[in-house]
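Report on the structure given below.
Read the figures in this text as sums done on the coordinates, not as results from a lab. This structure is a prediction, so every number in the text was calculated from the model and none was measured. In this analysis, Cβ positions are derived from the backbone assuming ideal geometry, glycine residues included, and neighbour counts consider all displayed protein chains.
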Amino acid sequence: MPGILSFDHLKTQVSEGTTDTVLVCAVDMQGRLIGKRFHAANFISHSYAETHCCNYLLATDLEMATPDGYASTSWEKGYGDYVMRPDLSTIRPVPWLEGTAMVMCDVLDHHTHAPVPHAPRAVLQKQIARLEAMGFTAKMATELEFFLFEKSFDDIRKSGFRDLAPISGYNEDYHIFQTTKEEGVMRPVRNHLFAAGIPVENTKGEAEAGQEELNIRYAAALDCADHHTIAKHAIKEIAWQQGHAASFLPKWDAGKVGSSSHVHQSLWQDGTPLFYDKGADLGMSDLMKHYMAGLIAFAPEYVFFLAPYVNSYKRFSKGTFAPTKTVWSVDNRTAGFRLCGDGTKGVRVECRIGGSDLNPYLAQAAMLAAGIKGIEDQMVLAAPTKGDVYEDAKAADIPQTLRAATDTLRGSQMLRAAMGDDVVDHYTRCAEWEQEEFDRAVTDWEIARGFERA
Ligand code: ADP
């Protein structure tokens, strides 16, 4: 993979003085990069083997709170350490920062060095291993949508998040002229990510003023999740360097479309795409049909992993290209699941439910678990839905609130069997806490509605 550095290559760069800093990164429950900035000399001599972090990092929220109710870590247990073990196959340059490289880490128990089961990379690695035991590998692509704003994060925060002017003045879906005006941010995004070993396909304007999409070539599931996480981080940093904010909040304005992260999925064996059957209707193999049957049937149970915040559910709204129904359709953007590349070797399923706020490790793991169950039980795929799926009263709804999604997650026997009770309980607590925090908040909407008139 171009861009990926061997450990020896990194050592050479450090001795030549071209790299002086190594970002040693794990992924938190929210899908953010967390970790430490190492002096490169220390990293290549000592810390390449392991470093440490406080174990509250995998039991916190966007605000770094220390909620109660997590079995793995608490004030009572003293918030000890986890081991962060660099995965040396993921060393890459960070071309948008001077003299900097980075590495992704797995998170291990401090005493036993066993993987921490609820660490997002470990959650995905477990499902990949199950799939490999069946003789399959998954190839995935997560498209990333986001909005660029005129001002910086700091200026917007100082305005109380009220001064939210997007970088462009009109819907720029597929526009070349408007996106030319945004090349100050988007060209370095494409080129720096590509130089970091992330196979960028393209960026494009999306269906709102200031909305962008980044497409990365599909890859093995773990690589795909790493690519997504690094790309999201890079977009924020590169936009910040140019004095702009990039937001992945799925719905920042009730009157505008939201931002998604669609997930394209296919299974392979020794380089052969297993979802393709030349002689079958739409080119869909039986394996693909079973996988999709599981994916669709269990969607309500794993939707939390596609929509992890209260705000995520505001995106699911009719006529916005964000789905409301858990059915599939052939190349039809009104359904939760879209068949793409029908009749070709590239036949795949695109899940359109996920928002731009999803954690790609957890989202992919949950969908693989559902697909594996579909294959194991040879589940039967219903006929595709046709026409405007928003108006199909018979089609099942996506859970409409975080509260509903938390209930389906808590009760999911499929996810409990696939991921383990400890992991499902951990993320159920995460979902509950998010709702509890929201329930404690007094929102702008309540004040505007009731301040004078209540
Ligand atoms: P769209 O119409 O959704 O924009 P694209 O042709 O741009 O479709 O592809 C979207 C994503 O699907 C890209 O990231 C691409 O790499 C990925 N993709 C293509 N083929 C496959 C496949 N067989 N399995 C998984 N992802 C794939």
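Which whole-angstrom value gives the distance between the alpha carbon centres of segment 167-211 and segment 1-47?
Spelled out, the Cα-based centre of one part sits 28 Å from the other.
Per 20 Å bin from zero, what fraction in whole % of the C-alpha pairs of the chain is there, up to the bin with the longest pair?
24, 59, 17, 0
Give me the count of lysine pairs in segment 167-321 whose alpha carbons sit under 26 angstrom apart, restricted to pairs 8 or more positions apart or on different chains.
Lysine pairs, 8 or more places apart or on different chains, close enough: 22.
Under 29 Å between alpha carbons: how many lysine pairs meet that in segment 35-156, if sequence neighbours fewer than 8 apart on the same chain are excluded?
Going through segment 35-156 pair by pair, I get 5.
With point charges of +1 on the Cβ of Lys and Arg and -1 on the Cβ of Asp and Glu, referenced to the Cα centre of the chain, which listed residue (L214, M84, N311) lies farthest in the positive direction of the dipole?
Value: L214.
Show that you can apply the helix-only estimate: for the chain, add -39,500 (n - 2.57) for every DSSP H stretch of four or more residues, divide by all residues, and state [θ] at 222 nm to the nearest 500.
Rounded to the nearest 500, the figure is -9500 deg cm²/dmol.
Take C105, C53 and order them by how many other Cβ atoms sit within 10 Å, fewest up front.
C53, C105
Amide H of G35 versus every other amide H placed in the peptide plane: which residues, excluding those fewer than 5 positions away on the same chain, fall under 5 Å?
HN-HN under 5 Å from G35: A26.
How large is ³J(HN,Hα), in whole Hz, for each residue of segment 35-43 in order, when computed from phi with the Karplus curve 6.51 cos²θ - 1.76 cosθ + 1.60 and θ = phi - 60°, using x for Gly and Pro?
Each residue's phi maps through the Karplus curve to give x, 9, 9, 8, 5, 4, 5, 5, 4 Hz.
Please report the antiparallel percentage of the DSSP beta bridges confined to the chain, to the nearest 5.
DSSP beta bridges in the chain are roughly 85 percent antiparallel.
With +1 on each Lys and Arg Cβ and -1 on each Asp and Glu Cβ, how big is the dipole of the chain about its Cα centre, in debye rounded to the nearest 20?
480 debye
Note down the relative contact order for the chain as a percent, whole number, built from C-alpha pairs under 8 angstrom at least six residues apart.
15 percent
Name the chymotrypsin sites (Phe, Trp or Tyr not before Pro) in segment 118-187 that are in a loop by DSSP and that have at most 16 other C-beta atoms within 10 Å, would you?
Counting only loop positions with at most 16 other Cβ atoms within 10 Å, the chymotrypsin sites (Phe, Trp or Tyr not before Pro) in segment 118-187 are F161, Y170, Y174.
Got the relative contact order for segment 7-115 handy, in percent, Cα pairs under 8 Å and 6 or more residues apart?
Relative CO of segment 7-115 lands at 29 percent.
Would you be so kind as to identify which of V330, A165, A196 lies farthest towards the positive end of the dipole of segment 128-445, taking Lys and Arg as +1 and Asp and Glu as -1 on Cβ and the Cα centre as origin?
Going by the charge dipole, the pick is V330.
If neighbour count is taken as other Cβ atoms inside 10 Å, put D173, D154 in order from fewest to most.
Fewest-to-most Cβ neighbours within 10 Å comes out as D154, D173.
Treat the count of other C-beta atoms within 10 Å as a stand-in for reagent exposure and order R130, R121, R85 from fewest to most.
R130, R85, R121
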